[in-house]
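Colleague: Provided herewith is a single structure, encoded as structure tokens, for subsequent inquiry.
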Amino acid sequence: MQSDEEIKKELSELKEMVQRLAITSNSAKQIAEPENQNADVSYLMKIVEERERTNGMLRMIMERVRNLEQQIIKGNEQAIQQSNETKQVLLSDVDAKIINYASMREMVCADEIRELMGYKGNNAACSRLNKLYKAGLLNRFQLGHVVYYKFDAGKATKMLIISPPQ
């Protein structure tokens, strides 16, 4: 599969080819204009040859564009497949307990986790909740000055949560 730079280079080459085709088609139009109606057979042959060459170039351009489209589609399919693969998240027993608590409740905040875990301050609870949010296991909502976290079962179905035995 080609890289983005190679695809951009190929597209710029195709643009140049299309511009050359536009120039040659303009010259063919000038030859075929009414004031040149007395042109001899050689001019007519040049027009025919020019059209054949133009058609060949157009076929080549279309083939290259189709190839690029197929490569882009393959790249998109691979990206989708990678995003659908199961992601492993390693959790400590404390984090697993927080996830379990959050899944049973509608929403949790750092104060609730502080009380649940017996922490003296909110820093440890905030840190753990933020870590679980960044791992994609919790959604975060701020209501006023309080940040609430909600367990997202939809995100968690694509993740394999591994916790050591307790």
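The values are calculated or read from the model by the stated rules, or taken from the named source; none is laboratory data. Predicted, not measured: the structure shown is a model, and the values here were computed from it. Glycine gets a Cβ as well: all are built from the backbone with ideal geometry, and neighbour counts include every protein chain shown.
Colleague: If I go through segment 104-140 residue by residue, how many of them are polar (S, T, N, Q) and more than 31 Å from the chain's Cα centre (by Cα)?
Modeller: Within segment 104-140, the first condition is being polar (S, T, N, Q), and the residues that meet it are 122-123, 127, 130, 139.
Imposing the further condition that a residue be more than 31 Å from the chain's Cα centre (by Cα) reduces the set to 122-123.
Of the residues in segment 104-140, 2 are polar (S, T, N, Q) and more than 31 Å from the chain's Cα centre (by Cα).
Colleague: Going through Lys29, Lys8 one at a time, which residue ends up being at pLDDT 70 or above, basic (Lys, Arg) and not in a loop (DSSP other than H, G, I, E, B)?
Modeller: Details: Lys29 fails: at pLDDT 70 or above.
The conditions single out Lys8.
Colleague: Can you name the residue in segment 43-72 that is closer than 18 Å to Glu6 by Cβ and basic (Lys, Arg) and, of all such residues, is surrounded by the fewest Cβ atoms within 10 Å (Cβ to Cβ)?
Modeller: Here is the first cut: in segment 43-72, the residues closer than 18 Å to Glu6 by Cβ are 60-61, 63-72.
Filter again for basic (Lys, Arg), leaving 64, 66.
Numbers: Arg64: 15, Arg66: 10.
Taking the candidates together, the pick is Arg66.
Colleague: How many residues does segment 87-119 hold that are modelled with pLDDT of 90 or more and of a type in the set (Asp, Glu)?
Modeller: The number of residues fulfilling the criteria is 3.
Colleague: Being in contact with a Leu (Cβ under 7 Å, 6 or more places away or on another chain) and at pLDDT 90 or above is the filter; apply it to segment 120-166 and report the residue that is nearest to Asp93 (Cα to Cα).
Modeller: Looking at residues that are in contact with a Leu (Cβ under 7 Å, 6 or more places away or on another chain) and at pLDDT 90 or above, I get Leu129.
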